[in-house]
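The values are calculated or read from the model by the stated rules, or taken from the named source; none is laboratory data. These numbers come from a predicted model, not from an experiment. Here the Cβ is made from the backbone with ideal geometry for all residues, glycine too, and neighbour counts use every protein chain on show. For accessibility, only protein heavy atoms count, side chains too; no ligands or nucleic acids. Shrake-Rupley method; radii C 1.70, N 1.55, O 1.52, S 1.80 Å.
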Amino acid sequence: MSVDASPQYLVIFHGVSSGLNGANLGSDEQDLVTLVYLVLNVKENKIIGIHKYPVSPSVSDVNENLLSEEVTTEYGIKEADVAGAPPLASVIRQFDILAKDVLQGEDNFTLVADGQLQLRQCLYPG
């Protein structure tokens, strides 16, 4: 894509961790349990998809509660939503397929997040 060209799509990304979220996201080093992204066709000013994927935490014990009270009350995510969910790598692969097939390549969209914590703490933890 040339410097002057604007992308056809914006992908608004939001991750929800099993612990603290918002301004405190990542401070407790909890795993991502939901990945949500909205795809907006900029040229047509039209939402073409909202995708919400549950994510299985990397360390999970079926006998313990994985989700904080904030996650269950504010985001409406239940233990059952993440219990049988695919791991983060699988969900990222699903996004990659969307980017290649639906969005017609990596150069045709811009990823938008609410600050660096969404990307650094959710997609690249550690």
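If you go through the stretch 5-21 and keep only what is part of a loop (DSSP other than H, G, I, E, B) and under 17 Å from Leu88 (Cβ atoms), you end up with Ser18, Gly19, Asn21.
What residue, of Asn108, Asn45, is at pLDDT 80 or above, open to solvent by 30 Å² or more (accessible area, probe 1.4 Å), on the phi > 0 side of the Ramachandran plot and not small (Gly, Ala, Ser)? Please lay out each step first, then the result.
Numbers: Asn108 fails: on the phi > 0 side of the Ramachandran plot.
Being at pLDDT 80 or above, open to solvent by 30 Å² or more (accessible area, probe 1.4 Å), on the phi > 0 side of the Ramachandran plot and not small (Gly, Ala, Ser) holds for just one of Asn108, Asn45, which is Asn45.
Taking every residue in the stretch 103-126 that is outside any loop (DSSP other than H, G, I, E, B) and pairing it with any residue that is at pLDDT below 60, at least 6 positions away or on another chain, the pairs with Cβ-Cβ distances below 7 Å are Asp107/Met1.
Does the stretch 52-68 include one or more residues that are under 15 Å from the mean Cα position of the chain (by Cα), at pLDDT 75 or above and loosely packed, with under 14 Cβ neighbours inside 10 Å?
yes
Please go through the stretch 22-42 and pick out each residue that is under 14 Å from Leu103 (Cβ atoms), open to solvent by 10 Å² or more (accessible area, probe 1.4 Å) and not in a loop (DSSP other than H, G, I, E, B). Residues satisfying the conditions are Leu38, Leu40. Does the stretch 49-63 contain at least one residue that is under 18 Å from Phe13 (Cα atoms), free of Cβ contacts under 8 Å to residues at least 12 places away in the same chain and basic (Lys, Arg)? No; the residues of the stretch 49-63 include none that is under 18 Å from Phe13 (Cα atoms), free of Cβ contacts under 8 Å to residues at least 12 places away in the same chain and basic (Lys, Arg). One residue stands out among those in the stretch 73-85 that are within 17 Å of the chain's Cα centre (by Cα) and surrounded by 15 or more Cβ atoms within 10 Å (Cβ to Cβ): the one that is modelled with the highest pLDDT, which is Ala85.
Put simply, of Asp81, Asp28 the only residue that is free of Cβ contacts under 8 Å to residues at least 24 places away in the same chain and of a type in the set (Asp, Glu) is Asp28.
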